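Participant: Quick one: the structure is below, questions incoming.
The numbers here are math on the coordinates, done by the rules we state, and not lab data. Note that the structure is a prediction, hence the values are computed from the model and not measured. Note: ideal-geometry Cβ built from the backbone for every residue, glycine included; neighbour counts use all protein chains shown.
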Amino acid sequence: MKTCLSKSKKNFFLCLVAILLFPAFGYSQEEDIAKYPSRVIECIHPYPPGTPGDLAVRLISKQAEKFLGQPITVINKPGAAGALGTAALAKSKPDGYTIGNAQPSPTFMLPLLEKVPYHPLKDLAFIMQYAVFNMGVIVKGDSPFKSFKDLIDYARENPKKLSYGTAGTKSMPNIIMGQFAKKANIEFTHIPFKSTVETQPAILGGHVTFGAGDFNYSLVESGETKLLVLLREERAEEYPQVPILKELGYDIPMPMPQTLAGPRGIPEGILKKLEGAYTKAMKEPAFIKGMKDLRVPIRYRNSQELTEYVTYNFNFFEKLLKETGLKD
């Protein structure tokens with residue numbers, strides 16, 4: 001009897017302590033959110049420095065610093081076609097101090113084509129979208145191909161004779177070109193590079209016939225390279241004369257969002273602070289001018305819209321790759 005009473009009292013006191021401490025724990029979390037951010041935020045970019053995506057995320061992060069009150073340091077973690085940096089983002093501590101530039105290939109393609117240590121829908125929390133990529137098919141300025149139709153016609157008569165470079169076998173541009181070639185009933189020879197930065201000198205040096213992916217706008221505008229078609233969902237204001245594949249009769253999905261994400265589990269309050277700061281940064285004159293100078297189109301989706309967009313496209317590509325035999 002004495003033992004039972006002792007245990008009963010002990011349990012009672014434990015419950016009482018838990019009840020008294022519970023509000024304190026809740027307050028502590030709210031206090032952390034209220035004080036966020038209190039130190040430097042790291043933003044992972046999963047590709048080398050100097051690309052349009054790298055320059056764009058640096059540009060908007062610089063403006064977002066004004067609204068967060070802390071520096072944002074962009075860290076380049078290239079490798080494995082973007083999977084290395086994306087995995088580092090997905091596995092980081094969900095406290096809001098590590099965010100990243102979620103890119104199309106490691107978001108939509110790589111998790112469906114190979115084993116990677118993350119799942120974009122389960123391990124990432126999407127903050128917002130601020131731009132889309134201008135990706136396209138680029139040839140040397142003095143190329144005999146004056147239009148994309150010229151290139152297609154030649155490829156039909158000369159299977160596998162035309163070579164093209166991309167940022168890798170499992171990159172989004174290469175998947176798109178593979179789907180296009182299948183629909184057009186033609187064959188190209190693919191030459192993979194570590195990044196699209198490396199394809200530019202390969203085009204200029206005549207090592208590949210054309211490149212598919214993002215491109216150096218200054219080379220296009222100087223006439224050293226020529227843009228034949230854009231790999232995106234709508235025409236670009238920056239290149240109004242350049243058609244998109246859909247207009248040529250090839251309706252292939254091409255999600256090219258430039259987005260920000262964090263690891264799954266970031267507190268909702270911190271996620272909203274990041275979304276708000278980056279959304280305000282988009283309206284800053286320095287950002288708008290900088291993006292215009294980079295020839296990177298601005299495109300906004302909030303956290304919810306972006307999550308729905310990513311989910312739709314990931315599921316679409318999963319089905320597409322299964323149908324084409326690229327995914328088991």
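Participant: Given axes a ≥ b ≥ c from the Cα gyration tensor, I'd like to know whether the stretch 138-194 is rounded (a/c under 1.5), prolate (a/b larger than b/c) or oblate.
Facilitator: It comes out oblate by the Cα gyration axes.
Participant: Another question about this same structure. For the residue pair residue 207 and residue 222, what label-to-label distance in nm results when each label sits 7 Å from Cα along the Cα-to-beta-carbon direction?
Facilitator: Each label point is offset 7 Å from its Cα along the Cβ direction, giving 1.9 nm.
Participant: Which residue fluctuates the most in the chain, going by a Gaussian network model with Cα springs under 10 Å, if the choices are 216, 185, 313?
Facilitator: 185
Participant: Could you tell me the center-to-center distance, by alpha carbons, between the stretch 203-230 and the stretch 272-328 in angstrom?
Facilitator: 24
Participant: Indicate the gyration tensor shape class of the stretch 47-106 (rounded, prolate or oblate), computed on the Cα atoms with a ≥ b ≥ c the square roots of the eigenvalues: a/c under 1.5 is rounded; otherwise a/b larger than b/c is prolate and the rest oblate.
Facilitator: Because a/c hits 1.5 or more and a/b fails to exceed b/c, the stretch 47-106 counts as oblate.
Participant: Excluding residue 205 itself, what net charge comes from residues whose Cβ is under 12 Å from its Cβ, given Lys and Arg +1 and Asp and Glu -1?
Facilitator: Residues near residue 205 contribute -1 overall.
Participant: About the Cα centre, and with charges only on the beta carbon of Lys, Arg (+1) and Asp, Glu (-1), how big is the dipole of the stretch 135-248? Nearest 20 debye, please.
Facilitator: So the dipole magnitude of the stretch 135-248 works out to roughly 460 debye.
Participant: Give me the one-decimal nm value for the distance between modelled label points at residue 33 and residue 288, 7 Å along each residue's Cα-to-Cβ direction.
Facilitator: Placing both labels 7 Å beyond Cα along the Cβ direction yields 3.2 nm.
Participant: Is there a pair in 183/246; 160/322; 77/319; 91/283 whose C-alpha atoms are over 20 Å apart, and which pairs would that be?
Facilitator: 160/322; 77/319; 91/283
Participant: Additional query: Would you calculate, for the chain, the mean residue ellipticity at 222 nm contributed by helices, counting each DSSP H stretch of 4 or more residues as -39,500 (n - 2.57) and dividing by all residues, to the nearest 500?
Facilitator: -14500 deg cm²/dmol
Participant: Rank-order 103-111, 49-57 by packing density, defined as the average count of other C-beta atoms within 10 Å over each peptide's residues, highest first.
Facilitator: The peptides rank, most packed first, as 103-111, 49-57.
Participant: Using Cα springs under 10 Å in a Gaussian network model of the chain, which residue among 37, 94, 159 shows the largest mean-square fluctuation?
Facilitator: 159
Participant: Largest first and to the nearest Å, give the Cα extent of the chain along each principal axis.
Facilitator: That works out to 96, 47, 29 Å along the principal axes.
Participant: Residues of the stretch 209-226 with backbone nitrogen within less than 13 Å of a virtual label 7 Å along the Cα-to-Cβ line of residue 154, please, listed as ranges.
Facilitator: What the label zone holds, given the 13 Å backbone N cut-off, is 209-211, 226.
Participant: Charges only on Cβ, +1 for Lys and Arg, -1 for Asp and Glu: so what's the dipole of the chain about the Cα centre, in debye to the nearest 20?
Facilitator: 1100
Participant: What residue among 237, 187, 65 shows peak mean-square fluctuation when the chain is described by a Gaussian network model with Cα springs under 10 Å?
Facilitator: 237
Participant: Also: Please provide three numbers in whole Å: the alpha-carbon extents of the stretch 135-248 along the principal axes, with the largest listed first.
Facilitator: Reported extents, whole Å, longest axis first: 31, 29, 28.
Participant: On to the next question. What is the distance, in nm, between label points placed 7 Å from the Cα along the Cα-to-Cβ direction at residue 234 and at residue 264?
Facilitator: 3.1
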